[in-house]
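Working notes for the structure below.
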């Protein structure tokens, strides 16, 4: 076995960074509110750069963690998401938090858990990584402890999360019982020899695992926590929930089902396909009734999860690459949209959809980014969402899921209606009397421009990114 601890240098750096921001908060209180977001974001960006040293290297640690291009891709991906969230949290830290070092420290530690989910090649390692991310999110959702909504959201998320973790762990125990191993490769070998003697136990295990992971990615019918958690959490944490939480869940789904359960694809693909269809339909239809922007984004994300699950249902190298490409485009778009929402909330203190009225006159840059991000989520041409959805739907139809792709196209059209409702307030409705033009902080302007550049880059020049992703996902099926 390989016990080379240098493989974990990026994770050690993240642990040191978490300790550093807590120490700065403790010993340098005069600087903590203004400098901690930049310290955390800079440390994350540097660590992401260090992670690139493992590009095109394939090795593992004791057979439980793979260090390959797939792991490296998600290492960089999760760190950059966390860096953006840290920078976007500056005003939240200044106005609401008494202990910002802990806030940034938990975000950084949760990133380690997300990376572990992408890298794990063994069930208990995957479970521990999942719980590190989950417990961090339980705390972050309820971090505004003087806000009743945040407390309620954190409690609901914790109770349902604990229940889903128990289901997931029970499913893992059944897999161990029928295969005699917790290593993905050994599980695949055991299942490839035939499942006739334990077909019912395997079915129950797969149901429990899909239910547990379905909760983590907010797929129907395991989505109940999502709108309350999104609405109650501090708005920067809502952005983090909608990105890292979902991306880590799919990184684990792809690694687990591609490495361990691909040999019994027919036993679980129909379950994933049903969940995907239900998520697309319910998420987009219920979003039509929302009036709070965070709840609307919660149901929008549920619909988007349905699109992503299409790639899992027809799992292959091509669909995995298409899924990760769409996941990347969706996360960049979602971050851009949430940066706009955070900036608007910081300036106005409002988060209802009607409160976006007059954004075009009061904050033109934010309004332009809002329109671009919403068009991308709806899947219109020139934006990331169009090309990534097209590639994903094409990959799904290549696997025979024409009906799922059809549902995806129809629900994408439905989604355009509620996205246009937000844009109507921003571009058509006039600002209330006395409301003047707003000065958006330079940090938020920079993040908005950078993220929208990413949205257009993925939409107009996806070939290079797809090549990188395709090279990374081939390690899933080795």
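The values are calculated or read from the model by the stated rules, or taken from the named source; none is laboratory data. The structure displayed is predicted, hence computed values, not measured ones. Glycine also receives a Cβ, built like all others from the backbone with ideal geometry; neighbour counts cover every protein chain displayed.
A few notes on this one:
- Residue within segment 181-201 that is in a helix (DSSP H, G or I), crowded, with 24+ Cβ neighbours inside 10 Å, touching a residue at least 60 places away in the same chain (Cβ under 8 Å) and in contact with a helix residue (DSSP H, G or I) (Cβ under 7 Å, 6 or more places away or on another chain) present: yes
- Residue match in segment 214-221 (condition: part of a helix (DSSP H, G or I), farther than 21 Å from residue 306 by Cβ and in contact (Cβ under 8 Å) with a residue 24 or more places away in the chain): no
- Out of 365, 380, one residue alone is within 16 Å of residue 448 (Cβ to Cβ), surrounded by fewer than 20 Cβ atoms within 10 Å (Cβ to Cβ) and in contact with a helix residue (DSSP H, G or I) (Cβ under 7 Å, 6 or more places away or on another chain). It is 365.
This table checks each residue for (1) in contact (Cβ under 8 Å) with a residue 12 or more places away in the chain; (2) over 24 Å from the mean Cα position of the chain (by Cα).
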position	(1), (2)
344	yes, no
351	yes, no
360	yes, yes
372	yes, no
379	yes, no
395	yes, no
404	yes, no
408	yes, no
424	no, yes
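- Qualifying residue in segment 228-236 (condition: assigned to a helix (DSSP H, G or I), within 30 Å of residue 182 (Cβ to Cβ) and either touching a helix residue (DSSP H, G or I) at 6+ places or on another chain (Cβ under 7 Å) or at pLDDT 90 or above (or both)): no
- Among the residues of segment 129-154, the ones that are within 18 Å of the chain's Cα centre (by Cα) and either under 13 Å from residue 65 (Cα atoms) or in a loop (DSSP other than H, G, I, E, B) (or both) come to 1 in all.
- Any hit, segment 56-66, residues being surrounded by 18 or more Cβ atoms within 10 Å (Cβ to Cβ) and under 18 Å from residue 110 (Cβ atoms): yes
- Within segment 113-129, tally of residues that are surrounded by fewer than 24 Cβ atoms within 10 Å (Cβ to Cβ) and within 26 Å of residue 35 (Cα to Cα): 1
- Qualifying residue in segment 160-178 (condition: free of Cβ contacts under 8 Å to residues at least 24 places away in the same chain and under 20 Å from the mean Cα position of the chain (by Cα)): yes
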